[in-house]
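Peer 1: Sharing a structure, written as structure tokens. Questions coming.
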Amino acid sequence: VTVHLVGAGPGDPGLITARGLDLLRRCEVLVYDRLVAAELVDEAPPRALRIAREQLSQREVNEALVAYGRAGLEVVRLKGGDPFVFGRGGEEALALTEAGVPFQVVPGVSALAAVPAAAGIPVTHRDLASQATIVSGHAPAELDYQALAALTGTLIVFMGLAGLDQIVDRLLEAGKDPNTPAAVISNGTTPEQRTARGTLAEIPTQANALPPPALLVIGEVAALAAALRPSKLAKAAAAA
Ligand SMILES: C[S@@+](CC[C@H](N)C(=O)[O-])C[C@H]1O[C@@H](n2cnc3c(N)ncnc32)[C@H](O)[C@@H]1O
């Protein structure tokens, strides 16, 4: 195996897996995403070729992975969160498969549960949510709001900050209760983490000033953020 699609975790550099870090420290070529922690990029050997993903189109990324992989170099494709959760890891894996280049997927800690957790929100809870649904808010006009509004449990929207007003308006129009608890977590697991909380109807205003990347969480579990903020727990533990 020469190409490794590695999950970097949600932002905190300590949340990469042991296997991912080991591969990163031995790679010869590193292709990394914008959201990957700078500390992790620094973990690659000084002589490794570093390629920032944002300078390339997806086709060029695929071509680079295929070319360096064919050349037999140890390639780490470092992606935010988990490579196969809204990360285009599937597209890259297909390109490598079609080219006959062997690859390995090293999963990562996805923002999916780690970012809500960092804000004190468990995405499921025995009494409050026995299912969780994840959607991309990248193209908000294309979502099926009737279906989403009818769901119980927790709704987690990736890439939903730019379309937040539209997403919330359409969910309310489709009959979602405006009093449903909601939260937007920006830069989760990093020192810049900020959380906006409120009802679904309030959340666009509350989250107005938050920068990306941000995750939108809708559902009863979002109300637990008030009681379960990890910093509060840490302070209580320190005081005990
Ligand atoms: C292209 S998706 C990649 C998701 C990634 N593969 C994962 O598993 O977490 C990027 C989106 O993930 C969410 N996200 C990633 N990191 C985040 C963080 N630290 N805080 C909040 N949201 C984050 C945001 O919704 C962002 O727009």
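Peer 1: Given 20 °C and 1.002 mPa s, how large is the Stokes-Einstein diffusion coefficient of the stretch 88-183 in µm²/s, with Rh as the Kirkwood radius over Cα pairs?
Peer 2: Details: Rh = 15.6 Å.
It comes out at roughly 138 µm²/s.
Peer 1: Roughly what % antiparallel, to the nearest 5, for the DSSP beta bridges in the chain? Don't jump to the answer; show the numbers that get you there.
Peer 2: Working: 16 of 38 bridges.
Beta bridges within the chain, antiparallel portion: roughly 40 percent.
Peer 1: Tell me, what is the FRET efficiency for residue 126 and residue 177 to the nearest 0.05, using R0 = 25 angstrom and their Cβ-Cβ distance as r? Let's see the in-between values first.
Peer 2: On the way: r = 21 Å, r/R0 = 0.85.
After rounding to 0.05, the efficiency reads 0.75.
Peer 1: Can you give me the convex hull volume of the Cα atoms of the stretch 1-123, divided per residue and expressed in Å³? Display every interim value, and only then the final one.
Peer 2: Working: hull volume 11.3 nm³, N = 123.
For the stretch 1-123, the hull spanned by Cα atoms encloses 92 Å³ per residue.
Peer 1: What value, in deg cm²/dmol to 500, does the helix sum -39500 (n - 2.57) over DSSP H runs of n ≥ 4 give at 222 nm once divided by the residues of the chain?
Peer 2: Numbers: 10 runs with 79 residues, N = 240.
For the chain, the value works out to -9000 deg cm²/dmol.
Peer 1: Turning to a different aspect of this structure: Please compute one quarter of the surface area of the Cα convex hull for the stretch 109-240 and express it in square nanometres. Present the calculation step by step, with values, prior to reporting the outcome.
Peer 2: Working: hull surface 32.2 nm².
It is 8.1 nm².
Peer 1: Can you bin every Cα-Cα distance in the chain into 10 Å intervals starting at zero and give me the percent of pairs per bin, rounded to whole numbers?
Peer 2: Answer for the chain: a P(r) of 8, 30, 30, 21, 11, 1 percent.
Peer 1: Using the per-residue mean of other Cβ atoms lying within 10 Å as a proxy for protection, in what order, highest first, do the peptides 202-213, 105-116, 146-157 fall?
Peer 2: Numbers: 202-213: 16.2, 105-116: 22.6, 146-157: 18.0.
Packing order, densest peptide first, comes out as 105-116, 146-157, 202-213.
Peer 1: List residues of the stretch 209-224, by number, whose backbone nitrogen lies under 14 Å from a label position 7 Å along Cα→C-beta of residue 162.
Peer 2: Flagged as within label range: 212-214.
Peer 1: So, one more: Using only C-alpha positions, report the orientation-averaged shadow area of the convex hull of the stretch 1-66, nm², one decimal. Write out the running numbers ahead of the final one.
Peer 2: On the way: hull surface 17.4 nm².
Average projection, Cα convex hull of the stretch 1-66: 4.3 nm².
Peer 1: Measure nothing but the geometry: give the 0 to 90° angle between the long axis through the Cα atoms of 164-173 and the longest principal axis through the Cα atoms of the chain, rounded to 10°.
Peer 2: Between the helix axis and the principal axis of the chain, the angle is about 50 degrees.
Peer 1: If you stretched the chain out fully between residue 202 and residue 220, how much longer would it get, using 0.36 nm times the residue separation minus the C-alpha to C-alpha distance?
Peer 2: Values: separation 18, 0.36 × 18 = 6.48 nm, distance 1.48 nm.
Length gained between residue 202 and residue 220: 5.0 nm.
Peer 1: A further question on this structure: Take the Cα atoms of the stretch 85-131, find their three principal axes, and give me the spread along each one in whole Å, biggest first.
Peer 2: Sorted largest first, the three principal extents are 48, 20, 14 Å.
Peer 1: Which number comes out as Rg/Rh for the stretch 174-228 once both Rg and the Kirkwood Rh are worked out on C-alpha atoms?
Peer 2: Values: Rg = 11.0 Å, Rh = 11.3 Å.
Reported Rg/Rh, Kirkwood definition of Rh: 0.97.
Rule-based calculations on the coordinates, nothing more; no lab input. Computed from a predicted model, the values in this text were never measured in an experiment. In this analysis, Cβ positions are derived from the backbone assuming ideal geometry, glycine residues included, and neighbour counts consider all displayed protein chains.
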